[in-house]
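The numbers here are math on the coordinates, done by the rules we state, and not lab data. These figures come from a predicted structure and were not determined experimentally. Don't worry about glycine lacking a Cβ; one is built from the backbone with ideal geometry, like all the others, and counts go over all protein chains shown.
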Amino acid sequence: MRALTSHPAAPLSGAVRPPGDKSISHRAVIIGALAVGETVVRGLLEGEDVRRTIQAMRAMGVAAERVDGDENGNEWRIHGVGIGGLAPPEDVLDLGNSGTGARLLLGVLAGHPITATLTGDASLRARPMDRIAEPLVMAGARIDARRGCRLPLTVIGAAEPMPIDYRLPMASAQVKSAVLLAGLSAPGETSVVEPAPTRDHTERMLVHFGADLRVEEEPDGARRITLVGQPELAPAEIDVPADISSAAFPLVAALVVPGSEIDLPGVGMNPGRIGLIQTLRDMGAEIETSGEREAAGEPIADLRVRASALQGIEVPAERAPLMIDEYPILGVAAASARGRTVMRGLGELRVKESDRLAALAEGLAACGVGVEVEGDDLIVEGAGGPPPGGVAVATTIATRHDHRLQMSFLVMGAAAQQPVAIDHGGAIATSFPGFVDLMNNLGAKIDTEAA
């Protein structure tokens, strides 16, 4: 996809369903592959990241096929081979830009007596994997990495995996999940202690497939998750909810484009993922929920969003694990809020698909927004209305091939006084295929003319 330009928009309106949840889609493919029999997944995200995970599982002997779905979306059938049933891949497993896929697969491979090499694109190869590797080595795996602990790396899975009791040095859903996935192959109980709650999609889905798993609170308030290893997972049906991280883009657009009102049905409302909604409500956002229900252990609701006069606030560091992927779009909301918004504890943004903290600050400044980075904190001076929008159509925001930055600045253009252009939109397909069409159907004005 070429450079994209987003022009100031009239009020947004309509009902749209964002694509399936990326985190849940990865886990559905992987855990379905480890069950015995056919798992049916409806509404799977068909973005590039999840397709890479599907390709990796196919390379290890798992059959996965797409069939025609109904009006609610696609349908995939995953023919699981059981825990321990994966075959050694004949070639390198290329995860593209998918950090989630790579890290979860490291956990799976650590518990299988096979050898596999993982690589990815330039962005993924730059991301550290040491936090994942440490507990997996404790569980008996060997990891051969020749550039520090970055991809490409080779995993030699444990012939006799060991259960471990591991306390996370910092809250991380991906490290927690990798340890639990490795623990599926180990006898006895594998435990992970997380200092603060993170998204619990892995725990919910393992229970949905029949695993014996319990969650307990430690005396210091930490959460201990314990999994009984070597279960026989039963195939299951999964309806993937709309991704709250993807819904965040039209949601914020509706908040900051005056006069807007939109509906977002079937959005996942996992308690470990709704930090953005909590934060926006603290800022005065009018976001209504209705139709609360549950599918495959995941809470779901329908959202109605109306344009709102936002107020700058301080976002505490402890909220970061609940919304780490949403800070770029929160930065856009903060630019339209009245007064100062301080977002604390964003160090994790430095090791995402790009250094998102630096790139977000640079992009906001290029749009004429007052912004500072102090250590791991981001400070945005809101305009109390449309951002200055100093970007001319002939100027582009450097988005560093980061899908969330690309979508965030296209939302900025809908609310700004002048068009906002981004250098490239190709990475958007990793998590939100059809983003431009969806936004334009609501009333946005995003075109693909060279900026």
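If the segment from Asp376 to Val67 were pulled out straight at 0.36 nm per residue, it would be longer than the present Cα-Cα gap by 106.7 nm.
Projecting label points 7 angstrom from Cα along Cα→Cβ for Gln417 and Cys149 puts them 4.9 nm apart.
Quick check: from the Cα gyration tensor, does the range 22-239 come out rounded (a/c under 1.5), prolate or oblate? Each step should come with its number before you reach the end.
Working: a/c = 1.43, a/b = 1.14, b/c = 1.26.
Rounded, since a/c falls under 1.5.
With Cβ to Cβ distances under 12 Å as the rule, what net charge do the other residues near Val240 carry (K, R +1; D, E -1)? Spell out each step's value before the answer.
On the way: positive: Arg17, Lys22, Arg27, Arg42; negative: Asp21, Glu46, Glu75, Glu237, Asp239, Asp243, Glu298.
Here the count lands on -3.
Taking the fewest neighbouring Cβ atoms within 10 Å as the starting point, the ordered list for Asp130, Asp377 is Asp130, Asp377.
Spacing of the modelled spin labels on Arg293 and Ala126, each 7 Å from Cα toward Cβ, amounts to 4.3 nm. Helix 356-366 and the long axis of the chain differ in direction by around 10°, with both axes built from C-alpha atoms.
Each residue of the range 328-340 is assigned a 3J(HN,Hα), and the resulting list reads x, 6, 5, x, 5, 4, 5, 5, 9, 6, 8, x, 8 Hz, derived from the Karplus form 6.51 cos²θ - 1.76 cosθ + 1.60 (θ = phi - 60°), x at Gly and Pro.
One chain, two ends: Thr115 and Met138. Fully extended at 0.36 nm per residue, the span grows by 6.6 nm beyond their Cα-Cα distance.
Applying the Karplus relation 6.51 cos²θ - 1.76 cosθ + 1.60 with θ = phi - 60° to the range 116-127 yields 3J(HN,Hα) values of 8, 10, 10, 9, x, 6, 4, 5, 5, 5, 8, 8 Hz, where x marks Gly and Pro. With the simple spin-label model, which puts each label point 7 Å out from Cα in the Cβ direction, the Arg306 to Arg338 separation comes to 1.7 nm.
Label the range 337-451 by shape, choosing from rounded, prolate and oblate, from the square roots a ≥ b ≥ c of the eigenvalues of the Cα gyration tensor; if a/c is under 1.5 it is rounded, and otherwise prolate applies when a/b is larger than b/c, oblate when it is not. Here the range 337-451 falls in the oblate category.
Sorted from greatest to least, the principal axis extents spanned by the alpha carbons of the range 73-122 come out as 34, 31, 19 Å. By the count of neighbouring beta-carbon atoms within 10 Å, fewest first, Lys352, Lys445 end up ordered Lys445, Lys352.
Along each principal axis, taking the top coordinate minus the bottom one, the Cα set of the range 315-378 gives 27, 22, 19 Å in descending order.
May I ask you to compute the full-extension gain from Ala365 to Asp165, defined as 0.36 nm times their residue separation minus their alpha-carbon distance, rounded to one decimal in nm? Numbers along the way, then the final one.
Working: separation 200, 0.36 × 200 = 72.00 nm, distance 4.52 nm.
Full extension of this stretch gives 67.5 nm more.
Counting other Cβ atoms within 10 Å as a rough exposure proxy, the listed residues Leu124, Leu109 run Leu124, Leu109 from fewest neighbours to most. Given +1 at the Cβ of Lys and Arg, -1 at the Cβ of Asp and Glu and no other charges, the dipole of the chain around its Cα centre is 740 debye to the nearest 20.
Using the C-alpha atoms of the range 106-188, what convex hull volume per residue, in cubic angstrom, is computed? Please list the in-between numbers first.
Numbers: hull volume 6.7 nm³, N = 83.
Measuring per residue, one finds 81 Å³ for the Cα hull of the range 106-188.
In the range 42-127, the ratio of gyration radius to Kirkwood radius, Rg to Rh, stands at 0.99 when only Cα atoms are counted. Treating each Cα of the range 276-355 as an identical point scatterer and summing with the Debye formula, the log10 of I(q)/I(0) at q = 0.11 Å⁻¹ comes to -0.35.
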